[in-house]
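Have a look at the structure below, then the notes.
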Amino acid sequence: MAERSFGSGSMADLERGLSSEEVKRRIIEYGYNEVQERRASLAARFLGKFWGLSPWMLEATAVLEWFLGKYLEMFVVTILLFFNAVLSFAQERKSDSALDVLRQKLRVNARVRRNGKWITVPAKELVPGDILRLRAGDFVPADVRLVEGIAEVDQSAMTGESLPVERKAGEELYSGSIMRKGEITAVVAATGAKTYFGRTVELVQVAKPKLHVEEAISKVSRWLLAMTLAMLSIGLVLAVIYNTKLSEMVPLTAILLLSAIPVALPTMFTITMALGSLELAKKGVLITRLDASEDAAAMDIVCVDKTGTMTMNKLSIRELVPIGEHEERDVVLYGAIASQEANLDPIDQAFFAAAEGMRLSLEGYKQKRFVPFDPSTRRTEATVEKEGLEFHVLKGSFQTVKSICVNEKEELKKAEGAVEELSKRGYRIIAVAKGETQENLKLAGIAALYDAPRTDSSSLISELKQLGISVKMLTGDALPIAKEVSKQLGLGGNLIRISGLKDSAGEEERLRIMEECNGFAEIFPEDKFLIVKSLQEGKHVVGMTGDVVNDAPALRQAEVGIAVANATDVAKKASSAVLTTEGLVGIVDLVKTGRMIFQRIASWVINKMIRTFKRVVFIVVAFVLTGRYVVSTFDMILLLFLSDYVTLSLSTDRVRYSKKPESWDITGLVKTGIVLGILMVFESLGILYIGLSYFGLLERIDQLHTFVFNFLTFSGYFTVLAVRERRHFWESRPSRALAFAIATNMAIVSLISIIGIPGVAPIDPGKLLAVVSYSFATFLLNDLVKVFLVRRIGAAL
């Protein structure tokens, strides 16, 4: 009975295989050949949308309105709460299904020997130690070790390798590979999550990029809440000093909370990025995760998978070394006629392309006999006739061809030296020979093949560098070929082996090496994932481009995962953006559009900061000075719709992209907002003085509410026009949508103020005109102050 040692001391019985009882035991020990997915329930994920600063502020406001008996206001606030929750949940539900695609790959059948018989079982039921039979065309369903036979295997979907690789007894095949030639017997080494394929699934599953949008929303909310609580605390202290009943502070609390809630902020992010996604789709970039475009604005490092991304994923001849009296043209010619175009063999295609490039005619050469490549012979050969003359040509591995050639020793020595030199540089070497018969073949020369860079890769890298982004090449190739390609792309030759990086001492030293190098060679899927994660720990926003299964974890972990046009479904599902055109030109559009999206959102945030500071400080100061609430809670709810939601049209505004990566300097925005806000508080007190002194509104509190409501609304619109442009407001025109929204809402507010509606008392046109004129005058002043802050002290805007 044939038995072989396998794995950690186990024995594989090739004649009988495993027994049914042993299979059951191993399923209990190792589990099924699948990867279990970890996913929270839909109910838990939806309920989570009601947890956080913004939801808490809305919930607190709704409770206060209920306590005050203002049920209409409570109803409106509750609707806003659920609207934001549903919108956020709906976007999350559109997230990728990379795990499903990966797991589907395991749902195949396998031929296995059990109880002495060959049977077919679902691949899910394979266990370590099973004896498998695989033939050409089969999908390898688990990590296996060959025990009989020779196979040619396509691992391109897993590793991105351009060529099929040969595997023989004692070597391993990875789950996810495809048998191209041969028939083998193999023993299962690992199943499920323990396989090469399964580890990729696990990496995709645990990969969680840092979501900068969520972080920005959280910071904005915290600052707005801090402003509100600070002013509310001041109000409470003053209420105690002046013996004001604390119960009278409840309405003030509701008013201040309503003024501070960034209720439209999540919607602003979503709409702005959705519009940006539509714009990118027209340029051949499909966004699969909305906030990816905003993350692209902050990206300062992009890790690029070489094969199929920076290169063509197609072999071409880089160098030719003729031997003896032969010329370079002869090497290409003989290599081409020792090939068959119909086979679509990558090496054959490289010779045909070189012949076409040299304008060599293959007409008149008739193949009378052709032997395709076979792993056992490691060559292709043909008997060719032209003009009545018959000769023999072949091409293949250097050692194989050399062994059957009859060249002079000096010629063979020259060839060996050239092969050694080219091999050090990482090229794949193919020898070409020709002779009148098979017995007198002479080595014609050698060809160095490599995967050529894409024609647009160099220009892309140059543009990315100009945009302040560091490009790092990731490849499983040997270091010499990696350096050669890197130099051709204009990246530089500072590449390192991933093994050398792992051996470097200290995390700080490792990070320094990673930041300074141009790329990494000889890496595995786990290495790509860890490289991205390590760079993120160094406070970098990382992008990753890729196309094959082994890129999926890194694509998922990166803030900006970009799948190229010919990517596998798994890579596309794991990415946040998919290019639909060849090459990487779309990534530049992604960065530029992302930075414009960032500018639009930043304009909304600084507007909200300024308005919130102005409102909460003004309302509290006015309450202290007059003992009255100068606006009502209903006024503040109207302001939410007529300012926060109207300014959503900033998502269409005309903006310029920056020349460097963007980042959320929320603290800087707050400082700028406070400086401008202080000025606007004094302006607000000025209009209040006009209303009380010249129009006698202290005795008409309902009209005072409308009067102040008008100023807060109109001045808010003018603030939008002021801060949307970092220069003077007249140096760029707002988008049509933004201009139309502001003009339309100013008209609506004016009409409401003159006619009046339930909750808003009418005022005469003279008072309205005074508010509009005063608001415009303060707008001109604020624009001058803004330009001074930006130019003189570099204020964040």
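Quick note: the coordinates plus some simple rules give every number you see, no bench work behind them. Just so we're clear, the structure is a prediction, and the values are computed from it rather than from any experiment. Every residue, glycine as well, gets a Cβ built from its backbone with ideal geometry; the counts of neighbours run over all protein chains shown.
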Listed by chain and number, the residues whose amide H is under 5 Å from that of GLU148, excluding neighbours fewer than 5 places away on the same chain and using placed H, are THR185
Nearest-0.05 FRET efficiency for MET358 and ALA44 at R0 = 56 Å, using Cβ-Cβ distance, is 0.30
The set of residues whose placed amide H lies less than 5 Å from the amide H of ILE763, leaving out same-chain residues fewer than 5 positions away, is ILE754
The range 734-785 and the range 583-615 have their Cα centres apart by a whole-number Å value of 26
With x for Gly and Pro, the residue-by-residue ³J(HN,Hα) of the range 400-417, computed from phi through the Karplus equation 6.51 cos²θ - 1.76 cosθ + 1.60 at θ = phi - 60° and given in whole Hz, is 5, 5, 4, 5, 10, 9, 10, 5, 5, 4, 5, 5, 5, 5, 4, 5, 4, x
Charge dipole of the range 300-440 built from unit charges on the beta carbon (Lys, Arg +1; Asp, Glu -1), centred at mean Cα; most positive-end Cα among ASN313, ALA431, VAL401 is ASN313
The rounded separation in angstrom of the Cα centers of the range 661-701 and the range 383-460 is 80
Taking a ≥ b ≥ c as the square roots of the eigenvalues of the Cα gyration tensor, with a/c under 1.5 meaning rounded and otherwise prolate when a/b exceeds b/c and oblate if not, the range 341-457 is oblate
Computed about the Cα centre, the charge dipole of the range 362-465 from +1 Lys/Arg and -1 Asp/Glu charges at the Cβ has a magnitude in debye, to the nearest 20, of 240
For the range 534-653, the dipole about the Cα centre with charges only on Cβ (Lys and Arg +1, Asp and Glu -1), to the nearest 20 debye, works out at 660
Correct semi-axes for the range 424-550, from √(5λ) of the alpha-carbon gyration tensor and rounded to whole Å with the largest first, are 36, 17, 12
Here the range 593-658 gives, from Cα atoms, an Rg and Dmax in Å of 15.5, 50
Under the Karplus relation with 6.51, -1.76 and 1.60 and θ = phi - 60°, whole-Hz ³J(HN,Hα) for the range 692-699, x at Gly and Pro, equal 7, 7, 9, 10, x, 8, 5, 8
Which residues qualify? For GLY492, with a placed amide H closer than 5 Å and at least 5 residues away or on another chain, they are LYS487
Residue by residue through the range 270-282, the couplings from Karplus 6.51 cos²θ - 1.76 cosθ + 1.60 with θ = phi - 60°, in Hz, x for Gly and Pro, are 5, 5, 4, 6, 5, 5, x, 5, 5, 5, 5, 4, 5
